[in-house]
Amino acid sequence: MTTDQWDLDDLAPDPSDDALEREGLEDEPTSTAMFEGDGSTIYPEQRRCLHALLKHRYISADKYPEHWAVLLANEELIKSRLNDIFFDLVVERSYQVAFKRQARTDSDDPLPTLLQDRAHTKEETIVLMFLRQRFFAQRQDGDNAVFVERSTLLDEVATMRPEDATHRAMDQKRATKAIDGLATAGVLLKTGDTDRFRISPIIEVLLPVETLLKLQRWLMAQNGTDALTPEARESAYSTFDAEFDLDSEIEDGAGGEDDDQ
């Protein structure tokens, strides 16, 4: 080969150059911006998980598997973002559910809140107690998914009606509203049949045994079968609310169970 001939080896790309180029691309930071002027410093999947926690009363592994996976991988970061706006994060790994709740100080000094609260009705309490007992019993029998019919829940409320109650139509309307409210809250999960629901595992987080017993006593007092002081009744409710704020919604109507866009 003469000196003015090209060596084919000289024309071949240097593998080390490719490696350096790939390394440079990997080191280049990925933008977290999702819209013009976006100043967020966390990634889109983390932001969507945070949004879901704010929008819904809870997220679960079965209903929101992508958000659940992101939450487990970024729990401290997402907790910190919730803490920024006076929320605490509760993650129940054994039930595979997570939810926000209003943060509380050790001194019980009030903190700013974005939540709207309302008192639980007696009908909601009856239904919740029944769901808790049904869910526990059937899970003990080995059922992974526990279902309940609307008619069963209406009958349960009717059996707990005081003897002096005479407005049956109004009582039925209140019971129906309670069931629909629990479906909106995600405690009752909708199925293909509008009158058949699956009970969410959140019910066991919402009503631990101690709270269930307090509410049973409260309900007995409401029906005149037991004496319960106003202080004890308030204690039952406060314990109930502390576990899981069923009826809280972000102001201006957010916080429902619509699907993410």
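The values are calculated or read from the model by the stated rules, or taken from the named source; none is laboratory data. In this text the structure is predicted, and so the values were computed from the model without any measurement. Note that each Cβ is placed from the backbone with ideal geometry, even for glycine, and that neighbours are counted across all protein chains shown. Surface areas here come from the heavy atoms of the whole protein model, side chains and all, with no ligands, DNA or RNA. Shrake-Rupley method; radii C 1.70, N 1.55, O 1.52, S 1.80 Å.
Summary of computed values
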| read-out | value |
| --- | --- |
| Residues whose placed amide H lies under 5 Å from that of R196, excluding near-sequence neighbours | R150, T191 |
| Heavy atoms of M220 accessible to a 1.4 Å probe, total area in Å² rounded to 10 | 90 Å² |
| Sequence of V209, V90 when ordered by accessible area, the most exposed leading, probe 1.4 angstrom | V209, V90 |
| Unit charges on C-beta of K, R, D, E only; dipole of region 71-226, Debye | 320 debye |
| Gain upon complete extension [M220, S40; 0.36 nm per residue less C-alpha separation] | 59.7 nm |
| Within the accessible area of region 62-205 (1.4 Å probe), percent carbon and sulfur | 48 percent |
| Label-to-label distance, nm, for residues given as D180 and T32 (7 Å Cα→Cβ offset) | 4.2 nm |
| Stretchable slack from Q172 to S151, in nm (0.36 nm times residue separation minus alpha-carbon distance) | 6.5 nm |
| Span from the region 189-217 Cα centroid across to the region 33-93 one, whole angstrom | 25 Å |
| Exposure ranking of H51, H67, H56, H167 by accessible area [1.4 Å probe, largest first] | H167, H51, H67, H56 |
| Unsatisfied cross-links (Cα-Cα over 27 Å) in the set K79/K177; K100/K190; K63/K214; K100/K214; K63/K173 | K79/K177; K63/K214; K63/K173 |
| Solvent-accessible area per residue for region 107-212 (1.4 angstrom probe, square angstrom) | 55 Å² |
| Area accessible to solvent at T41, 1.4 Å probe radius, in Å² | 100 Å² |
